[in-house]
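S.K.: Next up is a structure, given as structure tokens.
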Amino acid sequence: EIVLTQSPGTLSLSPGERATLSCRASQSVRSTYIAWYQQKPGQAPRIVVSGASNRATGIPDRFSGSGSGTDFTLTISRLEPEDFAVYYCQHHENPPPSWTFGQGTKVDIK
Amino acid sequence: QVQLQQSGPGLVKPSQTLSLTCAISGDSVSSNTAAWNWIRQSPSRGLEWLGRTFYRSRWYNEYAESVKSRITINPDTSKNHFSLQLNSVTPEDTAVYYCARGGGNFDHWGLGSLVTVSS
């Protein structure tokens, strides 16, 4: 099973700054199968990026995803107050059916 | 607009069965393009995919290896919902349980149901 390791655990930044979140897979994966989610306290996760680099519907263009092989990145170009949240990367493969998530990166206000 | 409405008990005794239902609006459980999933989240295990049901000319169910011996996900076409049953629960099954739509990734989620396993 693929293991996803996210870094850093916490990113303390100010509004307007750039956020760079990393997700490393334990072995090479297809970028088509990588997604990123945003989760705010008390809410369900919300998809931000699918296929490693495709913004989901309604996601502003300050969010961008990139990467290939084992290393993937979610970048938020200029943090807005509503962007402070926990972000998870996710991978899937089938067969056997397996959807795995990273442990999350918390972006909080400095 | 797809909405998923979860329901079920918030407290389950150890060794008993956890049961949750997810009612779908704005889509169909019988859709030939969607899949209907259960995912849980706990501080110790993080986000964990449990299983899914989907229809592609016939019904399919797929389950995570970690719960395969204890889980059943069933669609109900008459009510346009799907359900989760997790047998023989222990305190380690305490988590927020989510239903979600998605094939490779999850584009719509329920609000979540906190289920506590305790006597």
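The values are calculated or read from the model by the stated rules, or taken from the named source; none is laboratory data. Predicted, not measured: the structure shown is a model, and the values here were computed from it. Cβ: placed from backbone, ideal geometry, glycine included. Neighbour counts: every protein chain shown.
S.K.: Quick one: B:ASN61 ticks every box in (1) among the polar types (S, T, N, Q); (2) within 12 Å of the chain's Cα centre (by Cα); (3) within 18 Å of A:TYR88 (Cβ to Cβ) bar one, so which box is it?
M.R.: Of everything listed in (1) among the polar types (S, T, N, Q); (2) within 12 Å of the chain's Cα centre (by Cα); (3) within 18 Å of A:TYR88 (Cβ to Cβ), B:ASN61 misses just condition (3).
S.K.: Now, a different point. Could you check how many residues of the range A:87-109 are within 14 Å of chain B (Cβ to nearest Cβ), in a strand (DSSP E or B), surrounded by fewer than 19 Cβ atoms within 10 Å (Cβ to Cβ) and modelled with pLDDT of 95 or more?
M.R.: 1
S.K.: Same structure again: Within the range A:80-93, is even one residue in contact with a strand residue (DSSP E or B) (Cβ under 9 Å, 6 or more places away or on another chain) and farther than 20 Å from B:HIS108 by Cα?
M.R.: yes
S.K.: Restricting to the range A:15-28, name every residue that is polar (S, T, N, Q) and closer than 19 Å to A:ASP61 by Cα.
M.R.: If the condition is that a residue be polar (S, T, N, Q) and closer than 19 Å to A:ASP61 by Cα, then A:THR20, A:SER22 are the ones that fit.
S.K.: In the range B:88-119, how many are touching a helix residue (DSSP H, G or I) at 6+ places or on another chain (Cβ under 8 Å), under 29 Å from B:SER30 (Cβ atoms) and away from every other protein chain (no Cβ under 11 Å)?
M.R.: Residues in the range B:88-119 being touching a helix residue (DSSP H, G or I) at 6+ places or on another chain (Cβ under 8 Å), under 29 Å from B:SER30 (Cβ atoms) and away from every other protein chain (no Cβ under 11 Å): 1 in total.
S.K.: From the list B:ASP76, B:ASP107, pick out the single residue that is closer than 30 Å to A:THR105 by Cβ, surrounded by fewer than 18 Cβ atoms within 10 Å (Cβ to Cβ) and either modelled with pLDDT of 95 or more or not hydroxyl-bearing (Ser, Thr, Tyr) (or both).
M.R.: Testing whether each residue is closer than 30 Å to A:THR105 by Cβ, surrounded by fewer than 18 Cβ atoms within 10 Å (Cβ to Cβ) and either modelled with pLDDT of 95 or more or not hydroxyl-bearing (Ser, Thr, Tyr) (or both) leaves just B:ASP107.
S.K.: Could you tell me whether the range A:16-30 includes any residue that is charged (D, E, K, R), under 22 Å from B:LEU47 (Cα atoms), out of contact with any His (no Cβ under 6 Å at 6 or more places or on another chain) and within 14 Å of chain B (Cβ to nearest Cβ)?
M.R.: Scanning the range A:16-30, I find at least one residue that is charged (D, E, K, R), under 22 Å from B:LEU47 (Cα atoms), out of contact with any His (no Cβ under 6 Å at 6 or more places or on another chain) and within 14 Å of chain B (Cβ to nearest Cβ), so the answer is yes.
S.K.: A further question follows. Select the strands (runs of 3 or more DSSP E) contained entirely in the range A:17-79, then report the ones holding at least 1 residues which are surrounded by fewer than 17 Cβ atoms within 10 Å (Cβ to Cβ) and free of Cβ contacts under 8 Å to residues at least 40 places away in the same chain.
M.R.: A:63-76
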